[in-house]
Structures are given as structure tokens and as C-alpha cells.
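Undergrad: First the structure, which I've put down as C-alpha cells, then a few questions once you've had a look.
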Amino acid sequence: MVGASWWAVLLAVPLALVSTRRAFLGHDAGHRQIAASPRVNRLLGLVLGNLGLGLGYGWWNDKHNRHHANPNHVGKDPDVGEGVLAWTREQAARRRGPGAWVIAHQAWLFFPLLLLEGVNLQVNSVLYLRGRARREQLTEGLLLAGHLAAYLGLAFTLLTPGKAVLFLAVHQGLFGLHLGSAFAHNHKGMAMPGPDDRWDHLRRQVLTSRNVRGGPVADYLLGGLNYQIEHHLFPSVARPHLRRLQPLVREHCARVGLPYAETGAYASYRQALAHMNEVGAPLRD
């Protein structure tokens, strides 16, 4: 309808929403929530992730399963490992140069950095294939290449080069921001078990997770991740049923005297950013 005009760039906004929905479905497939057969779930994950997003199903599953096994546990959970950001003061103390400046101001830089998260996920998906089995490299690599060829081919065929580049930048930036913002609620600012802590499964999952209130709007925007406690306790339960589990889990936590963290989206972000700000405080001093 808009042809190759600059208005076409605005279509990157709804496309980013669609891409994030596809990522949520890929997450569901990785947890085998969609189909009864593991093979069908894997096929769905490859189509949704590798072919649909350029996001490697094998890399995501490996990383995400390790996270679920030991959430917020430094040295075991890759989501709180060494990276651009720091999650503990010990990690922050090891930074030097420009990296230290980023950590010192990471609470302010967090959301701007999420604009690069979509590209970061795709790069890591490719790097993961190094050293993997030949069959996995061929299957996932060809699907990743197919996505890239179709994605760039459509953009540069339908739009002029300048508009295509801007369209891709807006799409990838908003996709990373939306997806990263959804995952930011889950564990940041929550308890982080120490090396000597021996928590059982219930405490390991509940104490490190946070739910987000918001009803159907939160369900849509956060892809069911707003029921993070229930998801971590029962990761294979299909997303639409998590809200039905919530009263049972909340009641059980109250019965055994276990804190059940649930808050609004604004308060959740504030808690997460406050933790990041506290970690970077010594570098500012």
C-alpha cells in the first residue's frame, strides 16, 4: 500500500511485535509445551527460531536449560555470567577501561543496550555452531542462512538501500528492546544463591523469580513470562495454563512460609535497575 516510500519504515514496528511473539512461541517449543512429541517441538523451534528469526534453537535451548537448572546462580546460570553487564560486585571489580565505565553506569545504559540484543542473539547463534556435530551445523546453519537471505533479500528488493538499512535497524532495535524488556522482569534484583547455599528445587526457583501483575495485557506483552515462578516450577506446562497454577503455588508458598514475589511492571523494573545500580556503585566512587 505504501510502496517504497519512507512510510514503509514504520512497518518495522509491528514486525518487531510479530517477531517477539514468534520468539515467545520458540521459547514454548523449547520447553516442549506445544506438541506431545519432542521431535515436533524441535521442528517447531527450528522453524520459528532459526528460519523465522535467525535465532539458533540449539544455542537457545542449551543456554536456557542451564539457566532453568540454577537460576541466578553465578558460575552456573549463563544469564548472570561475565558479559557486557555485571550482576555482582565481584564481577564489577574485575572490569577495567571502557568496560568499567559501562558497569558504573549500567542501570542507565540497560535499555539503550537492549537495542542491540536482537543482533547479539543472532551472532551468538552462529558462534554456537562452531565445534558442534556436523549434522547440527548443517541443519541449523542452513536454516540460519535461509533466514538471512530471505530477510535481507526482501528488504533490499522492496526498498531502496537507505530505506532498507533504516528498516532493518528499527526492526532489530525494537525486537531486541521488546524481548529483552520482557525477560528483564524475571530474575534481575532477586536473590542470588551463594556457592555454599544448598536450596531445594522449590526455594531455588521461587526465591530467584518474580511475577508481574497486569492481566491480559501483561500476558500478551510478556508472553507468559509474567508467571515466572510458575514457569520455573513447571517449565513444561503450556503458557495459557500458568495463570491457573498461580493460586495453587501462591497458597503453597504461604503454607510453607516462602516469600512469593509479585509486583507491577514499573516496580519490577525499578528493583532490577536498583540492583544494577548498586553493583556498579564502587566503580562510580
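The values are calculated or read from the model by the stated rules, or taken from the named source; none is laboratory data. Model, not experiment: these values are computed from the prediction. We place every Cβ from the backbone using ideal geometry, glycine too, and count neighbours over all the protein chains shown.
Undergrad: Taking L233, is it at pLDDT 95 or above and in contact with a Phe, Trp or Tyr (Cβ under 6 Å, 6 or more places away or on another chain)?
TA: Details: at pLDDT 95 or above: yes; in contact with a Phe, Trp or Tyr (Cβ under 6 Å, 6 or more places away or on another chain): no.
The answer is no for L233.
Undergrad: Can we say V13 is assigned to a helix (DSSP H, G or I) and either over 27 Å from H241 (Cβ atoms) or acidic (D, E) (or both)? Reasoning before the result, please.
TA: Values: assigned to a helix (DSSP H, G or I): yes; either over 27 Å from H241 (Cβ atoms) or acidic (D, E) (or both): yes.
Taking the combined requirement at face value, the residue satisfies it.
Undergrad: Could you give me the residue pairs with C-beta distances under 8 Å whose first residue belongs to the stretch 4-18 and is within 26 Å of A182 (Cα to Cα), whose second residue is exposed (fewer than 13 other Cβ atoms within 10 Å of the Cβ) wherever it lies, and which are 6+ apart or on separate chains?
TA: Hits for this filter: L11/V2.
Undergrad: Name, by its number, the condition in (1) within 19 Å of the chain's Cα centre (by Cα); (2) more than 20 Å from L115 (Cα to Cα) that does not hold for W199.
TA: (1)
Undergrad: Determine which single condition R250 fails, assuming it passes every other condition in (1) farther than 21 Å from W199 by Cβ; (2) basic (K, R); (3) free of Cβ contacts under 8 Å to residues at least 60 places away in the same chain.
TA: Just one mismatch for R250, condition (1).
Undergrad: With respect to N186, is the statement that it is of a type in the set (S, T, N, Q) and modelled with pLDDT under 95 true? Let's see the steps before the verdict.
TA: Working: of a type in the set (S, T, N, Q): yes; modelled with pLDDT under 95: yes.
Spelling it out, N186 is indeed of a type in the set (S, T, N, Q) and modelled with pLDDT under 95.
Undergrad: What is the number of the single condition among (1) surrounded by fewer than 20 Cβ atoms within 10 Å (Cβ to Cβ); (2) on the phi < 0 side of the Ramachandran plot; (3) outside any helix (DSSP H, G or I); (4) not aromatic (F, W, Y) that G3 does not meet?
TA: Only one criterion is unmet by G3, namely (2).
Undergrad: Related question: Only residues that are part of a helix (DSSP H, G or I), in contact (Cβ under 8 Å) with a residue 60 or more places away in the chain and farther than 18 Å from S209 by Cβ: list them for the stretch 28-46, please.
TA: The first filter runs over the stretch 28-46 and keeps only residues part of a helix (DSSP H, G or I), leaving 28-30, 38-46.
Of the ones still in play, those that are also in contact (Cβ under 8 Å) with a residue 60 or more places away in the chain are 28, 46.
Answer for the stretch 28-46, where residues must be part of a helix (DSSP H, G or I), in contact (Cβ under 8 Å) with a residue 60 or more places away in the chain and farther than 18 Å from S209 by Cβ: just L46.
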